[in-house]
Amino acid sequence: MDPVDSLTQEIAAVAARLVVEDGLDYGTAKQRACKITGAPQRTQLPDNDTVQEQVREYLDLFCADTQPAELAALRQLALHWMERLQAFRPHVSGAVWNGTATRLSDIWLQLFCDDPKSAEIALIDEGVRYSVNATAGFNGEVVDVLSFSWPCPELEEHIGVHLMIYDRIAIRGALKPRAGGDKPRGNRQDLADRMTSGRMT
């Protein structure tokens, strides 16, 4: 293997361990992995698909006895909130959707709203205390994120739930499959189908 490719794979493997063990997001994990491996500046970083592949391998090797149950609990909590927020066309993405979530993972939902403030009003009406932040959307645009913590009975701890707020029209681009044909996110029925079938991905 080319030395550059070998280093990129090493970074991906270390990043995957940090994602699973420390609950880091992919970007932060890759940057920290560079420091751990002593990679020189401007080293080519692995793409997210490569890191995700390494995450799956790590889970299979070291977490096979615990991760499936943790994933099921998080998917159940995600489904709970998708049902409560069904008026906003919720879609789930990230580790809970792709099957790599552990108890350290947060739940990421995208809402497609006629009125961007309507989701906030819904949370206020339900007595949910939340914070408002911003992050990059699936097309690189800046979107508001409503974040709160909610108990997960199966895991006996609180889990972070993040609601990314999009205009209703954005749902058209959100449903386009990736190059390999995989769906980057799923609606309530999609998630329920994965849970019923026992499908991890």
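The values are calculated or read from the model by the stated rules, or taken from the named source; none is laboratory data. Note that the structure is a prediction, hence the values are computed from the model and not measured. Every residue, glycine as well, gets a Cβ built from its backbone with ideal geometry; the counts of neighbours run over all protein chains shown.
Out of curiosity, is S197 among the hydroxyl-bearing types (S, T, Y) and either outside the structural domain of L77 (by TED's automatic domain parsing) or free of Cβ contacts under 8 Å to residues at least 40 places away in the same chain (or both)?
Working: among the hydroxyl-bearing types (S, T, Y): yes; either outside the structural domain of L77 (by TED's automatic domain parsing) or free of Cβ contacts under 8 Å to residues at least 40 places away in the same chain (or both): yes.
It is true that S197 is among the hydroxyl-bearing types (S, T, Y) and either outside the structural domain of L77 (by TED's automatic domain parsing) or free of Cβ contacts under 8 Å to residues at least 40 places away in the same chain (or both).
Inspect all residues belonging to the range 44-59 and state whether any of them is touching a residue at least 12 places away in the same chain (Cβ under 8 Å), touching a Leu at 6+ places or on another chain (Cβ under 8 Å) and hydroxyl-bearing (S, T, Y).
no
May I ask you to list the residues in the range 117-134 that are within 29 Å of N48 (Cβ to Cβ) and at pLDDT below 95?
Keep residues of the range 117-134 that are within 29 Å of N48 (Cβ to Cβ), which gives 119, 130-134.
Hits for the range 117-134: nothing passes.
Give the residue that is farthest from C113 (Cα to Cα), with candidates limited to residues of the range 127-154 that are of a type in the set (A, V, I, L, M, F, W, C) and surrounded by 14 or more Cβ atoms within 10 Å (Cβ to Cβ). First the steps, then the outcome.
Residues of the range 127-154 of a type in the set (A, V, I, L, M, F, W, C): 128, 132, 134, 136, 138, 142-143, 145-146, 148, 150, 152.
Next, only the ones that are surrounded by 14 or more Cβ atoms within 10 Å (Cβ to Cβ) stay: 128, 138, 143, 145-146, 148, 152.
Values: V128: 18, F138: 16, V143: 12, V145: 13, L146: 13, F148: 19, C152: 26 Å.
Result: C152.
Of all residues in the range 41-52, how many are surrounded by fewer than 17 Cβ atoms within 10 Å (Cβ to Cβ) and under 18 Å from the mean Cα position of the chain (by Cα)?
Going through the range 41-52 one residue at a time, the tally reaches 3.
Quick one: A174 ticks every box in (1) surrounded by 13 or more Cβ atoms within 10 Å (Cβ to Cβ); (2) within 21 Å of L24 (Cβ to Cβ) except a single one, so which number is it?
Result: A174 fails condition (2) only.
A16: touching a residue at least 24 places away in the same chain (Cβ under 8 Å) and surrounded by 15 or more Cβ atoms within 10 Å (Cβ to Cβ), yes or no? Spell out the reasoning first.
Working: touching a residue at least 24 places away in the same chain (Cβ under 8 Å): yes; surrounded by 15 or more Cβ atoms within 10 Å (Cβ to Cβ): yes.
Taking the combined requirement at face value, the residue satisfies it.
The conditions are (1) modelled with pLDDT under 95; (2) in contact with a Gly (Cβ under 9 Å, 6 or more places away or on another chain), and W150 fails exactly one of them. Which is it?
So W150 meets the others, but not (1).
Of these, A122, A101, A95, which one is surrounded by fewer than 21 Cβ atoms within 10 Å (Cβ to Cβ), assigned by TED's automatic domain parsing to the domain that holds R75 and on the phi < 0 side of the Ramachandran plot?
Numbers: A101 fails: surrounded by fewer than 21 Cβ atoms within 10 Å (Cβ to Cβ); A95 fails: surrounded by fewer than 21 Cβ atoms within 10 Å (Cβ to Cβ).
When all the criteria are applied, what remains is A122.
Restricting attention to the range 1-51, which residues are assigned to a loop (DSSP other than H, G, I, E, B) and closer than 28 Å to P184 by Cα?
G23, L24, D25, T43, Q44, L45, P46, D47
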